[in-house]
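Step one of this worksheet: look at the structure below.
The values are calculated or read from the model by the stated rules, or taken from the named source; none is laboratory data. Every value quoted in this text rests on a predicted model; they were computed, and no experiment measured them. Glycine also receives a Cβ, built like all others from the backbone with ideal geometry; neighbour counts cover every protein chain displayed. These area figures cover heavy atoms from the full protein model, side chains too; ligands, DNA and RNA do not enter into them. Shrake-Rupley method; radii C 1.70, N 1.55, O 1.52, S 1.80 Å.
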Amino acid sequence: MKKRILTGDRPSGKLHLGHYVGSLANRVKLQDDYDQYILIADVQALTDNYENPEKVANSVRELLLDYVASGIDPEKSTIVIQSQLPAIAELTVFYLNMVSLNRVLRNPTVKAEIEQKGFGDTIPAGFAMYPVSQAADITAFEANVVPVGEDQLPMIEQTREIVRKFNNLYGETLVEPEALVGEFPRLIGLDGKAKMSKSLGNSIYLSDSPEEVNKKVMSMFTDPTRLKPTDPGHVEGNPVFIYHDAFNPNEEEVTDLKDRYVAGKVGDVEVKQKLAIAINNLLEPMRKRRSELEKNPELVNKILREGVEKARLVSGEVLEKVKKAMKIDYKF
Ligand code: ATP
Ligand code: MG
């Protein structure tokens, strides 16, 4: 039997290059060898977007288009909408007993996000508990591997703790997953800060037009100490070169640009133009696949319908096992 993958994204906007190098590229690569489930995590997205449900609902189809555009094949990977799986909600309720309130609030990613979103004293309980619902997502599919960006590592650790506690208490039932981090675990944003994130408006989206890509790349931050093209520049930590390393497959060109940059023999404009070309080369086939599928809304429906059907069976069986282990599989 093939090993299982569970992975996913929040429908809180369009997917960007950070998603691609952090997780999507791995999913595309692994879909032949694994039984892969990809979750459109709308319930999780609502924990911090509950006042804007249209945004979440409208992003569901966009996310599916992004998946197919990036090379995920719905024949090989099962794409699922989280809210369509009642088993996940039920598992979450059971798992809430497997973790202390303090432990959840100590999660470094949750802490950073609470800060970033400015929740102050009004942290929605659902938001604070989302790592527990993520444990339900992962275990509902008995996933062995979870391809994620670096910010998600504390979630996988939390899941592993819940699994161990559950299995210790109720007997070997749940599968303990492992994280698989992509080649660029935390791609920085166009602004050179933090991480490229849907919520921070510092992203190049997989669905951006060539013109949008050009404009965004030309506005990128570079070396702040370099005032003229003849000044020796810094390559290390420079967003433009980080992106060249991530997206420009022409290593010779990248080495040449770096050498000339350090020597003060190339301007930002040339470095950026070449980067925009490399990114557009990566995105062009994605644009084609996206526009093909956009023309066929019935196929989009079919992919979602079939994904949910298959996932309900799998997650329902896991829920049965969990209830049996907890001795609440009553027979009347
Ligand atoms: P939001 O701001 O709404 O949280 P996001 O941009 O962080 O959105 P998510 O849907 O939360 O995107 O993340 C989906 C997956 O992509 C996760 O595995 C996450 O670790 C990964 N990911 C997100 N941003 C990056 C990034 N900049 N670099 C690498 N991986 C990333
Ligand atoms: Mg996120």
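Points to keep in mind about this one:
- Breaking point among (1) more than 13 Å from ligand 1 (Cβ to nearest atom); (2) more than 21 Å from Ser315 (Cα to Cα), for Tyr37: (2)
- Glu211 within 19 Å of Lys14 (Cβ to Cβ) and either buried (at least 19 other Cβ atoms within 10 Å of the Cβ) or within 22 Å of the chain's Cα centre (by Cα) (or both): no
- Residue check for Leu15: away from ligand 2 (no atom under 16 Å from the Cβ) and in contact with a strand residue (DSSP E or B) (Cβ under 7 Å, 6 or more places away or on another chain): no
- Of the residues making up region 275-328, those that are of a type in the set (A, V, I, L, M, F, W, C), within 27 Å of Leu174 (Cα to Cα) and part of a helix (DSSP H, G or I) are Leu304, Val308, Ala311, Leu313, Val314, Val318, Leu319, Val322, Ala325.
- Of the listed requirements (1) open to solvent by 60 Å² or more (accessible area, probe 1.4 Å); (2) within 13 Å of ligand 1 (Cβ to nearest atom), Met196 misses just one: (1).
- Pairs, first assigned to a loop (DSSP other than H, G, I, E, B) and aliphatic (A, V, I, L, M) in region 10-25, second open to solvent by 20 Å² or more (accessible area, probe 1.4 Å) and within 7 Å of ligand 1 (Cβ to nearest atom), C-beta under 9 Å, six or more apart: Leu15/Lys198
- Test: Lys331 is farther than 28 Å from Asp35 by Cα and open to solvent by 20 Å² or more (accessible area, probe 1.4 Å): yes
- Count of region 209-239 residues, restricted to those that are in a loop (DSSP other than H, G, I, E, B) and farther than 25 Å from Tyr261 by Cβ, is 1.
- Residues of region 187-205 satisfying the condition of being within 16 Å of ligand 2 (Cβ to nearest atom), under 15 Å from Leu15 (Cβ atoms) and assigned to a loop (DSSP other than H, G, I, E, B): Leu187, Gly189, Lys195, Met196, Ser197, Gly201, Asn202, Ser203
- All told, Lys2 meets the bar of being modelled with pLDDT under 95, of a type in the set (D, E, K, R) and surrounded by fewer than 24 Cβ atoms within 10 Å (Cβ to Cβ).
- Matching residues, region 251-263, being in contact with a His (Cβ under 9 Å, 6 or more places away or on another chain) and either in contact (Cβ under 8 Å) with a residue 24 or more places away in the chain or within 17 Å of Arg186 (Cβ to Cβ) (or both): Tyr261, Val262
- Of everything in region 147-181 that is away from ligand 2 (no atom under 14 Å from the Cβ) and closer than 16 Å to Leu24 by Cα, the residue that is surrounded by the most Cβ atoms within 10 Å (Cβ to Cβ) is Pro147.
- Screening Ser59 on (1) among the hydroxyl-bearing types (Ser, Thr, Tyr); (2) within 12 Å of ligand 1 (Cβ to nearest atom); (3) in contact (Cβ under 8 Å) with a residue 60 or more places away in the chain shows it passes everything except condition (3).
- All of (1) among the hydroxyl-bearing types (Ser, Thr, Tyr); (2) part of a strand (DSSP E or B); (3) within 16 Å of ligand 2 (Cβ to nearest atom) hold for Thr47 with one exception: (2).
- Test: residue in region 69-78 that is without any contact (Cβ under 8 Å) to a residue 40 or more places away in the chain, open to solvent by 20 Å² or more (accessible area, probe 1.4 Å), of a type outside the set (A, V, I, L, M, F, W, C) and within 30 Å of Glu284 (Cβ to Cβ): yes
- Phe184 being crowded, with 18+ Cβ neighbours inside 10 Å and assigned to a helix (DSSP H, G or I): no
- Residue match in region 123-145 (condition: open to solvent by 60 Å² or more (accessible area, probe 1.4 Å) and away from ligand 2 (no atom under 15 Å from the Cβ)): yes
- Among the residues of region 26-44, the ones that are open to solvent by less than 30 Å² (accessible area, probe 1.4 Å), assigned to a helix (DSSP H, G or I) and either without any contact (Cβ under 8 Å) to a residue 12 or more places away in the chain or among the aliphatic types (A, V, I, L, M) (or both) come to 1 in all.
- In region 86-122, residue nearest to Thr159 (Cα to Cα) [restricted to those that are of a type in the set (Gly, Ala, Ser) and surrounded by fewer than 13 Cβ atoms within 10 Å (Cβ to Cβ)]: Ser100
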